[in-house]
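*Asks:* Quick one: the structure is below, and I'll ask about it shortly.
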Amino acid sequence: MKKQISNNFSYAEDALQLRTQLHAGAERVPLLRDYRQQQERLLKQAYLAHEPLHLLLEGRSSLVDMLLSVLWEHINHDAIDCCFIAAGGYGRRELLPYSDIDLFILLPEPKPNTANIERLIAELWDIGLKVSHNVCTIQECQALAKEDLALITSLLECRFLLGNSALFATLQAAIAPTQMWNSQEFLLAKQEEQARRYLKYGGSSYNLEPNVKEGPGGLRDIQTILWIGKRHFSHQGDKQSVAMTLLTPQEVNTLQQGQLFLWNVRCALHYLARHKEERLLFDHQVKLAKQFGYEDKENELAIEQFMKTYYRTVKSLNELNDMLVQLLQETILYSAHTETLVVLNERFQVRNNYIEVTHPEVFSYTPSALLELFSIMADHPDIKGVRANTIRLIHQHHHLINDAFRKNPDNHRWLLALLSSKSNVAKQLKRMDRYGLLGRLIPDFASIIGQMQYDLFHVYTVDQHLLAVVEQVYQLTADAEKFPLAAKIIQNLPNLSLLYLAALFHDMGKGKGGDHSQLGEHIVQQFCDDNSFSEEETALLTWLVAHHLLMSNTAQQQDIYDPEVVTRFAQEVGTEQRLNYLYLLTVADICGTNPTLWNSWKDTLLKNLYHATEQLLKTQEHTASNIADIKYRALQQLNLSSMAQENVLTLWEQWGQFYFRRTRLDSIVRHTQAILNNENRLKPLVLIANEGALGATELFIYMPEQDYHVAITTVVLDRLDMNIVEAHITTTKDGYKLDSYYIMTKSSKLLTDQHDIDVLKKILEQQLSKKLSRPTLTPRKLSQRQKHFNYPTKITFHLDAMRQRTNMTLITPDRPGLLARVCMALVDCKVVLQGAKIATLGERVEDVFFLTDNNQQPLTEEASQLLKQRIYYYLEQMSQSQSS
């Protein structure tokens, strides 16, 4: 038998040799299994040698055809009258390495004995073929197909293999559109099925780990177009005849090239995983990028280049699917309906609630109409969409958007009219992106289409993130319950279009090398110059893009209750107008980065920073009360006798100023009352309260100072799946610890379940009551996703001379037990922790720790380097234990 695959994948000669060996007494299963494995190795070699992939898929289908024929001929001694039919991908002759073999076996009436068929199926599995089979009569098949969309879809592409061909012809007649699932019913069912499938995969082609087969823009979208077309036009030929009926030559080329790329990716996935794998997991992405010939560049990783190609491919296929399904909808569903036609102007009209051009030359005669269309739709939200033929014309007239078009004042006006609309601007910008116009209008946007960010923090590509942020800006106007402050500010914003533009441009400098904020500033500056924006508008836009991270970084990495921090922030912002725009952009940016990122804690941080800065910009005075006033108001709320007040003031003298500056009045009252009522001050006092105004649960611990108490606390919280978002650690003059931890659940919620609160309190009291020693850290394995983001740890130190402390920033992959190990390093190096700001960004953390030595002084250079090395040591230990 041949040791290489012939060009036409004919297995006739091999089939003859296999039959001869079987007749000579060779055992069926070992013979055919060994032969199949040999041929699969040859197919893989051909794939790796870049043989035409469609021939390999057809070749594998032919291989299965032959093996089935040889095996059935040798088993069917009773000459059972039946018909074997290939369905699904096998029927289409698109069989990938580990794909299922969809097989229908039709029986006549009355049913014959099926023992030989059962033996056949068992031996097909034994030789290594994963068979999904259905054995039934034509009547049974017809009854099932009437109720089962998946079954009738599979039968659309069935292919006769062997046996009684008359049964196959009878089945074709029995499942024809005149008998079941006419083209209207089939289209509606497929649209509903596609909507459910999109929902299952997040409604986006840009998932971090997309499904190549089922995700939006994947192979299933191509098949859906062809299935609907085939059902309507009743083609029984190959898919090319259906495609030619529906598509223009350019669209056929897009479909064929996209399908070939996805076939390649899917085939490579099967070989990598050694099973039927349809998901582009992170591990696979890295390996496929290398296999497909991508190499890391200075500003773009190989994996990012590979995924950009993938995302752009599925985007084009998703767009094609949208347009063609709509075309079929117009052809199949609306052709017999009474039309309603509303003429809008000489260029556009609305037919059955969908906008279209009044004649095919509209865009040729009036290129500005390419933008006018979307401005009209923004002003008429009742228009459901764009008719398919007009979408085609938009694609065919992309070339009209050139430098002259971009600098045309008429087009500036149409763009600003769109951005000034009271309806959902993001909806129209997304349409412009889907139809390929947004990248033509803003070339820098085109360069970031499909630009992935290789982390777990950004769940969208850069282009989709920008559009998501624009969408979030609109949501700020529409959802006052979720965003009360933002909704109030945005109502009084003088120019909402500038906020939309800031949202659209703020990350456009990514992937170009250098600081993306500064690069984005230059990009938006050029855009403003080209579009004749005023000097004031240009200054605001460029400032927003250059400083779009300022408020987020300040709120999440600095002590915003420190007047000096607020003063520096206010100085950088400069005006109330900038503050308003920046706050709105920051909220929209966080919400548009990751749907799980926004929570009550971030909401509170940003609002508090906003109000403090607003007050300072208005009056040049801080809203923060002085410490004497805070103590006075706390005493009033405590409502104590004169003697008791003296005791409280004496107690407070031990606590220092930082505690009062960083702690809310109601918390001070609660802490003080609990300490006064605590009969045994040698035992730890643990209080847990939900601070709605802070957006987190406050965990307060008062106990005698001991090493490792912070490490033990973090271990307990980690094991109970609690996240620390901020911590204030105060050492009193009389040797006690006043520790406030602000915590949330893993789902970023407050801890409200009383049972969980009681469990946490009990465990902490037990653990902290013992003589404290270095905590035992049980190794916990990283998740499969986390394993792929093992980049180097970065530790930096910054002297805060005014506060007489050192601020340490730690950027490292997130992993269980991280904080406990950092705290152990602090104890080892005799470094005092005053507080921390904890920020988890997907797979990494960016934590800030406020540190002093035992004399309440900043760390020396030598002490900083010693601490850094100790943290590296603990993190290396952790990495080794979690990877083993």
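The values are calculated or read from the model by the stated rules, or taken from the named source; none is laboratory data. In this text, all values refer to a predicted model and were calculated from it rather than measured experimentally. Counting neighbours? That spans all protein chains shown, and the Cβs are built from the backbone with ideal geometry, glycine included. What goes into the accessible areas is simple: the full protein's heavy atoms, side chains included, and nothing from ligands, DNA or RNA. Shrake-Rupley method; radii C 1.70, N 1.55, O 1.52, S 1.80 Å.
*Asks:* Considering only residues of segment 79-102 that are part of a strand (DSSP E or B) and touching a Gly at 6+ places or on another chain (Cβ under 9 Å), which is most open to solvent (accessible area, probe 1.4 Å)?
*Replies:* Here the answer is Asp102.
*Asks:* Got a sec? Which of Tyr474, Tyr460, Tyr500, Tyr435 is touching a residue at least 40 places away in the same chain (Cβ under 8 Å) and closer than 30 Å to Glu298 by Cβ?
*Replies:* After ruling out the rest, the residue left standing is Tyr460.
*Asks:* Could you list, ordered by first residue, the pairs with Cβ atoms under 6 Å in which the first is in segment 481-492 and free of Cβ contacts under 8 Å to residues at least 12 places away in the same chain and the second is open to solvent by 20 Å² or more (accessible area, probe 1.4 Å) and assigned to a helix (DSSP H, G or I), at least 6 apart or interchain?
*Replies:* Filtered contacts from segment 481-492: no entries.
*Asks:* Collect the residues in segment 305-324 that are touching a Leu at 6+ places or on another chain (Cβ under 8 Å) and open to solvent by 10 Å² or more (accessible area, probe 1.4 Å), keeping them in residue-number order.
*Replies:* Matches in segment 305-324: Thr313, Leu320.
*Asks:* Let me ask something additional. May I ask you to list the residues in segment 538-570 that are open to solvent by 30 Å² or more (accessible area, probe 1.4 Å), modelled with pLDDT of 95 or more and either within 24 Å of Thr619 (Cα to Cα) or more than 25 Å from the chain's Cα centre (by Cα) (or both)?
*Replies:* Matches in segment 538-570: Ala539, His547.
*Asks:* Can you find, within segment 193-215, the residue that is nearest to the chain's Cα centre (by Cα) among those that are within 22 Å of His270 (Cβ to Cβ), of a type outside the set (S, T, N, Q) and not in a loop (DSSP other than H, G, I, E, B)?
*Replies:* Lys200
*Asks:* Here is a further query. Which of the residues spanning segment 377-414 are under 29 Å from Leu493 (Cβ atoms) and either open to solvent by 20 Å² or more (accessible area, probe 1.4 Å) or hydroxyl-bearing (Ser, Thr, Tyr) (or both)?
*Replies:* Within segment 377-414, Asp379, His380, Pro381, Asp382, Arg406, Lys407, Asn408, Pro409, Asp410, Arg413, Trp414 meet the criteria.
*Asks:* Test of understanding: among Gln326, Gln285, which residue is closer than 25 Å to Ser205 by Cα and touching a strand residue (DSSP E or B) at 6+ places or on another chain (Cβ under 8 Å)?
*Replies:* Within the list Gln326, Gln285, the selection yields Gln326.
*Asks:* Cβ-Cβ distance below 6 Å, separation of 6 or more or different chains: which pairs start in segment 639-663 with a residue that is open to solvent by 30 Å² or more (accessible area, probe 1.4 Å) and end on one that is basic (Lys, Arg) and not in a helix (DSSP H, G or I)?
*Replies:* As it stands, the answer is Gln654/Lys733, since those pairs meet every condition given.
*Asks:* Of the conditions (1) touching a Phe, Trp or Tyr at 6+ places or on another chain (Cβ under 9 Å); (2) over 25 Å from Val845 (Cα atoms), Gln615 clears all except one; give me its number.
*Replies:* (1) is the only condition that Gln615 fails.
*Asks:* For segment 677-688, give me each residue that is surrounded by fewer than 16 Cβ atoms within 10 Å (Cβ to Cβ) and either touching a Lys or Arg at 6+ places or on another chain (Cβ under 7 Å) or not acidic (Asp, Glu) (or both).
*Replies:* Those that are surrounded by fewer than 16 Cβ atoms within 10 Å (Cβ to Cβ) and either touching a Lys or Arg at 6+ places or on another chain (Cβ under 7 Å) or not acidic (Asp, Glu) (or both): Asn677, Asn678, Asn680, Arg681, Leu682, Lys683.
*Asks:* Determine which member of the set Ile121, Ile138, Ile152 is closer than 26 Å to Met66 by Cβ and either hydrophobic (A, V, I, L, M, F, W, C) or open to solvent by 50 Å² or more (accessible area, probe 1.4 Å) (or both).
*Replies:* Ile121
*Asks:* Right, here's the next one. Please determine, by comparing only the residues of segment 737-760 that are open to solvent by less than 30 Å² (accessible area, probe 1.4 Å) and more than 32 Å from the chain's Cα centre (by Cα), which one is farthest from Leu685 (Cα to Cα).
*Replies:* Going through the qualifying residues, I end up with Ile757.
*Asks:* While we're looking at this one, here's another question. Quick check: anything in segment 815-834 assigned to a loop (DSSP other than H, G, I, E, B), more than 30 Å from Glu209 (Cβ to Cβ), modelled with pLDDT of 80 or more and open to solvent by less than 60 Å² (accessible area, probe 1.4 Å)?
*Replies:* yes
*Asks:* Can you tell me which residue among Lys762, Lys771 is at pLDDT below 90, more than 30 Å from Asp455 (Cα to Cα) and of a type outside the set (Gly, Ala, Ser)?
*Replies:* Lys771
*Asks:* Residues Asp100, Asp81, Asp65, Asp126: which one is closer than 21 Å to Ala173 by Cβ, out of contact with any His (no Cβ under 9 Å at 6 or more places or on another chain) and touching a residue at least 60 places away in the same chain (Cβ under 8 Å)?
*Replies:* Asp81
*Asks:* Does Gln451 count as touching a Ser or Thr at 6+ places or on another chain (Cβ under 8 Å), in contact (Cβ under 8 Å) with a residue 24 or more places away in the chain, more than 25 Å from Glu536 (Cα to Cα) and not in a helix (DSSP H, G or I)?
*Replies:* So Gln451 fits the description; yes.
*Asks:* Which residues, counting only those in segment 105-118, are open to solvent by 30 Å² or more (accessible area, probe 1.4 Å) and assigned to a loop (DSSP other than H, G, I, E, B)?
*Replies:* Glu109, Pro110, Lys111, Pro112, Asn113, Thr114 - these are the residues of segment 105-118 that are open to solvent by 30 Å² or more (accessible area, probe 1.4 Å) and assigned to a loop (DSSP other than H, G, I, E, B).
*Asks:* Okay, moving on. In segment 269-301, what residues are closer than 22 Å to Asn318 by Cα and either among the polar types (S, T, N, Q) or in a helix (DSSP H, G or I) (or both)?
*Replies:* Leu269, Gln285
*Asks:* From (1) under 23 Å from Leu438 (Cα atoms); (2) open to solvent by less than 10 Å² (accessible area, probe 1.4 Å); (3) in contact (Cβ under 8 Å) with a residue 24 or more places away in the chain, pick out the condition that doesn't hold for Leu328.
*Replies:* So Leu328 meets the others, but not (1).
*Asks:* Between Ala302, Ala289, which is within 30 Å of Gly509 (Cβ to Cβ), surrounded by fewer than 21 Cβ atoms within 10 Å (Cβ to Cβ) and of a type in the set (A, V, I, L, M)?
*Replies:* Just a single option satisfies the conditions, and that option is Ala302.
*Asks:* Can you name the residue in segment 21-77 that is of a type in the set (Asp, Glu) and surrounded by 13 or more Cβ atoms within 10 Å (Cβ to Cβ) and, of all such residues, is farthest from Ile101 (Cα to Cα)?
*Replies:* For segment 21-77, the residue satisfying everything is Glu51.
*Asks:* So, in segment 701-727, exactly how many residues are buried (at least 21 other Cβ atoms within 10 Å of the Cβ) and either assigned to a loop (DSSP other than H, G, I, E, B) or polar (S, T, N, Q) (or both)?
*Replies:* Going through segment 701-727 one residue at a time, the tally reaches 2.
*Asks:* So which pairs qualify, if the first residue must be in segment 299-325 and in contact (Cβ under 8 Å) with a residue 12 or more places away in the chain, the second must be in a helix (DSSP H, G or I) and basic (Lys, Arg), the Cβ gap must be under 6 Å, and the two must be at least 6 apart or on different chains?
*Replies:* Glu319/Arg434
*Asks:* While we're here: Listed residues Thr461, Thr390; which is more than 30 Å from Leu344 (Cα to Cα) and among the hydroxyl-bearing types (Ser, Thr, Tyr)?
*Replies:* None of the others qualify; the one that does is Thr461.
*Asks:* Only one of Thr358, Thr366 is open to solvent by 20 Å² or more (accessible area, probe 1.4 Å), at pLDDT 95 or above and in contact with a strand residue (DSSP E or B) (Cβ under 6 Å, 6 or more places away or on another chain); which?
*Replies:* Thr358
Quick grid of which residues meet (1) assigned to a loop (DSSP other than H, G, I, E, B); (2) farther than 29 Å from Ser205 by Cα:
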| site | (1), (2) |
| --- | --- |
| Val350 | no, yes |
| Pro367 | yes, yes |
| Ser375 | no, no |
| Ala378 | no, no |
| Ile383 | yes, no |
| Ile391 | no, no |
| Asp410 | no, yes |
| Leu415 | no, no |
| Lys427 | no, no |
